[in-house]
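See below for the structure under consideration.
The values are calculated or read from the model by the stated rules, or taken from the named source; none is laboratory data. All figures in this text were calculated on a predicted structure; none of them were measured in a lab. Backbone-built Cβ (ideal geometry, glycine too); neighbour counts: all protein chains shown.
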Amino acid sequence: MKFVKQSLVAASVITVGANVLSRFLGYIREALIANYFGTSEILDTFIVAFTIPEIMGMILFVSSSAALIPQLAKHLKDSENSHTTLFYTGLYTYLILFLTISVLLFLFREQLISELNPGMTGNIRNLSIHIFGILSWFVLFRGIEAYCIAWLYFKKHFIIPSISYIILNIILIGFLVTLYDKYNILALAYAWFIGSFVLCLIALVYSIRIVSSGFSISYNRSFAASLLYNFLIINAIESISIIYPLIDRMFAVRHLGPGPISALKYATAIFQVPAGILSAGFNVAAFPWIAELSAEKNNAGLASLYKESLYLIIFVTGVIVSGVLLFSEDITRVALQRGAFDSTSLALTSTPLFIYMIGLVSFSIFTFQMRFYYGQRKLFRLGMILIILLLVKYFGCVFLIRDFGHAGLAASTSITWILGSILITIDMRSVFNLPFKELFNASLGKMIFNIAFVSTAWILLKYLWPTTPESTLTFGFFRLTVFAVAGIGIYLLLAYILKLPEYLRLLDIFKSKLRVFGGRT
């Protein structure tokens, strides 16, 4: 277990560290978009047109690793299967699959746009169809990139996968700044097209260098069949858990006016900063070890990794939730309010951000827990849980949109995350035979006390040092920075006084970080 912890720490340090820079650049990207387009009809048009390619790209990234890594662990036990043969077998299989999907999306772009927004007419409809046509190839490029990155994760190479979003955001920012005056919203579409192509090429070249010993035309039908089978099943499962934005956008275009779609997108982008840095980075880094422990049927190791990770997630995300809830409007104003993003846009965006943050801890736990189902191949069990949650999400939208508009759509998502984390925690407890007293012990009570203490301190600081409508963005940024540093400082100091194990584990992570870059991993 010691080897697993040290290796997982090293991988987590790399992925989380790169995610910090990536999310910062992602913020700059969203701030530029907000400056140029605000919460406008033309941005709503782009978001609706990008919905299917974007969601499919998200699904492919998760399902590629979840489908590939356990199959590799299984097939490489047979000495007749080389890495090179299996790599090119999967590459040829996925190339045909993703190319077919992209071609179909391009050919049926008009019909799909009509389904997404049946009320769209005239120039706006033509623009939406044009954008959809450009971005239909996004699926091909992102699909191949996801496959290559899954191989890199399996080989425990985390550098290129971790910096891919950094490269993507640089390309998106560069294209948006240089091409906006000429192409307007189309500049964003071209940026995503070029960015996805460049990342696909980088991942392909790097994975070939790391994985294969040369070019191969060999084709392992058994591996291709099992890979494709598991890929399609996991795609179906991931589709259930990731299509919430599609549901929100379809409700919004049918029941709400211009603006709410863009506002939900901005709120999600801010929400994804902590979620992407902490939750997604840890999930990606942890999965290869979850798959290995599952293949070895090491239930004791899995149970230990599961329990320790849950508490670490709560320790890190809990205080972030408190801070963003208390300062959601201030954060939105400092992050986005400039140019076309006016006071109306601020009001539309800050409310769903507040609601999303209520579910951040549950979202982080929920997405981490799903990796164990994939590792242990309990796909049917997970699928049934996700179908229940999809129904909760859908009917939540039906009832909440009536009185609360787009805030109701955000609330239905947070409610679903909270319920999902509860259901899977109950199920995982039975899988690992963990008594409730091991999941809810004194450490959790100390964390809750610590979070409550820091929240009280933030409320006091907010009262003593208020902001006004006349306050500049520079003042707002400086004020939030001081509050963040003070709050986190108090949080860590109190964790040290309370001797929280999660705090001590974080100290071990920083020590391990030094060993990682010293070449002693």
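Within region 203-227, residues that are within 12 Å of Trp151 (Cβ to Cβ) have Cβ atoms under 9 Å from residues that are surrounded by fewer than 18 Cβ atoms within 10 Å (Cβ to Cβ) and hydroxyl-bearing (Ser, Thr, Tyr) in these pairs: Val211/Thr84; Ser212/Ser82; Ser212/Thr84, counting only partners at least 6 apart in sequence or on another chain. For Glu470, the stated conditions hold: it is in a loop (DSSP other than H, G, I, E, B) and either under 23 Å from Asp330 (Cβ atoms) or modelled with pLDDT under 85 (or both). Say whether the condition of being assigned to a helix (DSSP H, G or I), at pLDDT 85 or above and loosely packed, with under 15 Cβ neighbours inside 10 Å is met by at least one residue in region 405-413. Within region 405-413, none of the residues are assigned to a helix (DSSP H, G or I), at pLDDT 85 or above and loosely packed, with under 15 Cβ neighbours inside 10 Å. The one condition from (1) under 27 Å from His157 (Cβ atoms); (2) modelled with pLDDT under 80 that Gly257 does not meet is (1).
Of all residues in region 472-493, those that are crowded, with 18+ Cβ neighbours inside 10 Å and aromatic (Phe, Trp, Tyr) total 2. Tell me, which residue of region 359-385 that is small (Gly, Ala, Ser) and at pLDDT 80 or above is surrounded by the fewest Cβ atoms within 10 Å (Cβ to Cβ)? Among those that are small (Gly, Ala, Ser) and at pLDDT 80 or above, it is Gly383.
Mind checking which residues of region 322-353 are outside any helix (DSSP H, G or I) and either modelled with pLDDT of 90 or more or aromatic (Phe, Trp, Tyr) (or both)? Of everything in region 322-353, those that are outside any helix (DSSP H, G or I) and either modelled with pLDDT of 90 or more or aromatic (Phe, Trp, Tyr) (or both) turn out to be Phe327, Phe341. When Leu201, Leu152, Leu179, Leu186 are screened for being assigned to a helix (DSSP H, G or I) and closer than 27 Å to Met250 by Cβ, only Leu186 passes. Within the span defined as region 124-135, every residue fails to be under 29 Å from Ala67 (Cα atoms), among the polar types (S, T, N, Q), crowded, with 17+ Cβ neighbours inside 10 Å and at pLDDT 90 or above. So for region 274-297 (the condition being in a helix (DSSP H, G or I) and at pLDDT 75 or above), does at least one residue qualify? Scanning region 274-297 turns up at least one residue that is in a helix (DSSP H, G or I) and at pLDDT 75 or above. Only one entry of Ile233, Ile210 meets the criterion of being over 18 Å from Arg377 (Cα atoms) and of a type in the set (Val, Ile, Thr), and that entry is Ile210.
Among the residues in region 152-165, are any aliphatic (A, V, I, L, M), touching a Leu at 6+ places or on another chain (Cβ under 8 Å) and at pLDDT 85 or above? Scanning region 152-165, I find no residue that is aliphatic (A, V, I, L, M), touching a Leu at 6+ places or on another chain (Cβ under 8 Å) and at pLDDT 85 or above, so the answer is no. Just so you know, in region 87-123 the residues that are within 18 Å of Pro53 (Cα to Cα) and of a type in the set (Ser, Thr, Tyr) include one that is surrounded by the fewest Cβ atoms within 10 Å (Cβ to Cβ), and it is Thr100. For Thr84, the criteria (1) surrounded by 18 or more Cβ atoms within 10 Å (Cβ to Cβ); (2) more than 14 Å from Tyr153 (Cβ to Cβ); (3) modelled with pLDDT of 75 or more hold in every case but one, which is (1).
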